[in-house]
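Colleague: Take this structure, written in structure tokens, and hold onto it; I'll ask about it next.
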Amino acid sequence: AKRAGRNNLQFYTPALNDILIERLSVEYRLRQAIERKEFVLHYQPKMDFLTGKVNGAEALIRWQPEGGEMIPPFKFIPVAEETGMIEEIGAWVMREACAKAHELRERLGRDIPIAVNVSPRQFGQPHFVESVRSALASVDLPPHCLELEITESTLVLDARKFVDTLHELKALGVCLAIDDFGTGYSSMAYLKDFPVDRLKIDRSFVDNLEQEPAKKPILNAIVALGRSLGLKVIAEGVETRYEHDHLRSMGCDELQGYFFSRPLTSEAFERLLIEPAIV
Ligand code: C2E
Ligand code: CA
Ligand code: CA
Ligand code: CA
């Protein structure tokens, strides 16, 4: 038995160690990244189907280590969530997005609402609503210029409690969107109780639509559901003309995706708003 145990250990230990070491080093580096201000936000424009124009953007975090390559969020957001560091990172994202929305408002003389992603742990913090209020106040931003994207799977974690949080946020005046709608856990039982403005259809329902027409009935049903609840419906991950045309004919309100624009640096996003034709 002992020998078998040793064999097991020999088999499993290196892999487990690798994971732990990798995790600890990411945690350590995340802490440093906050101190060294290595995070940046990119902005992916949202297009209004009716006008064909940009009517807002989603802020997406990137990690730019000194002298290294840009690190995408899927490589560090889950660790940040597990270690609790997401609370600090999330607060930074919120302040930075408010500052950007404020800056655009001053420079362009119109409102370009910015949406931020809120992670489950961040949303569940007791002082979350207060942190949103203070981020708005820090730059004197009208609340409707900030949108919070909260995933459907976050909301169902504690739907009863989170309905109250949503109402508090709604009272504050910020816009609310259910993100990644249709994936994983269903919030169907609570959907009508969530005081949200937008339903954001997950990319997986749109991706490869032309090659996979079986996706259409589901996509169509989600768009119809959102509309019948009186919500704005936005599709993400729209890459092709075909997908664009189909969503428009379904009555989808807004589009986000490579077909219209990739996520842009802060400067490139501002240029797009000033001179749409050159990007
Ligand atoms: P998400 O909220 O679903 O964001 C959309 C993701 O799809 C982004 O990936 C975006 O770059 C990508 N995308 C947009 N259009 C297209 C398209 O046409 N085709 C394809 N293939 N992809 C497209 P990104 O920036 O890598 O972010 C991944 C995820 O990381 C986000 O998914 C979100 O869950 C999370 N995330 C990003 N920024 C933050 C943040 O500041 N805070 C938190 N908590 N999570 C964030
Ligand atoms: Ca999102
Ligand atoms: Ca998504
Ligand atoms: Ca595709």
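The values are calculated or read from the model by the stated rules, or taken from the named source; none is laboratory data. Owing to the predicted nature of the structure, the values given are computational and were not obtained by experimental measurement. Here the Cβ positions follow ideal geometry from the backbone for every residue, glycine too, while neighbour counts run over all protein chains shown. These area figures cover heavy atoms from the full protein model, side chains too; ligands, DNA and RNA do not enter into them. Shrake-Rupley method; radii C 1.70, N 1.55, O 1.52, S 1.80 Å.
Colleague: Give the average over all directions of the projected area of the C-alpha convex hull of the chain, one decimal, in nm².
Modeller: Quarter of the Cα hull surface area: 18.8 nm².
Colleague: Determine the share of the chain's accessible area contributed by carbon and sulfur atoms, expressed in whole percent, with a 1.4 angstrom probe.
Modeller: Heavy-atom surface of the chain belonging to carbon and sulfur, 1.4 Å probe: 53 percent.
Colleague: Step through the residues of region 232-239 one at a time and calculate ³J(HN,Hα) from phi using the Karplus curve (6.51 cos²θ - 1.76 cosθ + 1.60, θ = phi - 60°), rounding each to whole Hz and writing x for Gly and Pro.
Modeller: Here the 3J(HN,Hα) series is 6, 10, 10, 10, 10, x, 7, 10 Hz.
Colleague: Moving on. Return the distance in nm (one decimal) between the two label points of a simple spin-label model at Glu210 and Lys37, each offset 7 Å from Cα along Cα→Cβ.
Modeller: Calculated label separation equals 4.5 nm.
Colleague: Shifting gears a bit: Which aspartates and glutamates, on any chain, are close to Lys100 with Cα under 19 Å apart, when same-chain ones fewer than 8 places away are left out?
Modeller: Counting by Cα, and skipping residues close in sequence, Lys100 has these aspartates and glutamates nearby: Glu38, Glu58, Glu88, Asp111, Asp140, Glu147, Glu149, Glu267, Glu270, Glu275.
Colleague: Same structure again: Heavy atoms only, 1.4 Å probe, whole protein assembly: order Arg31, Arg107 by accessible area, highest first.
Modeller: Highest to lowest solvent-accessible surface, that is Arg107, Arg31.
Colleague: Among Ile89, Leu157, Pro263, pick out the residue whose Cα is farthest towards the positive end of the charge dipole of the chain, where Lys and Arg carry +1 and Asp and Glu carry -1 on C-beta, about the Cα centre.
Modeller: Most positive-ward Cα: Leu157.
Colleague: Mind listing the phi-derived Karplus ³J(HN,Hα) values for region 254-264, rounded to whole Hz, using 6.51, -1.76 and 1.60 with θ = phi - 60°, and x for any glycine or proline?
Modeller: Result, rounded to whole Hz: 9, 9, 9, x, 4, 4, 8, 6, 6, x, 10.
Colleague: Right, something else. Could you derive backbone 3J(HN,Hα) for region 67-81 from the dihedral phi with the Karplus parameters 6.51, -1.76 and 1.60 (θ = phi - 60°), listing whole Hz in sequence and x where the residue is Gly or Pro?
Modeller: Each residue's phi maps through the Karplus curve to give x, x, 7, 4, 9, x, x, 5, 7, 10, 4, x, 5, 4, 5 Hz.
Colleague: Thinking of region 168-279 as a set of Cα atoms, what percent of all their pairs are more than 21 Å apart?
Modeller: Of all Cα-Cα distances in region 168-279, 43 percent exceed 21 Å.
Colleague: In addition: Once each part is reduced to its C-alpha centroid, what is the distance from region 55-74 to region 97-119 in angstrom?
Modeller: Each part's Cα centre sits 17 Å from the other's.
Colleague: Mind checking which aspartates and glutamates have their Cα closer than 13 Å to the Cα of Lys215? Skip sequence neighbours fewer than 8 apart in that chain.
Modeller: Cα-Cα hits under 13 Å: Asp202, Asp207, Glu243.
Colleague: Same structure again: With the other protein chains left in place, how much accessible area per residue, in square angstrom, belongs to the chain at a 1.4 angstrom probe?
Modeller: Per residue, the chain has an accessible area of 53 Å².
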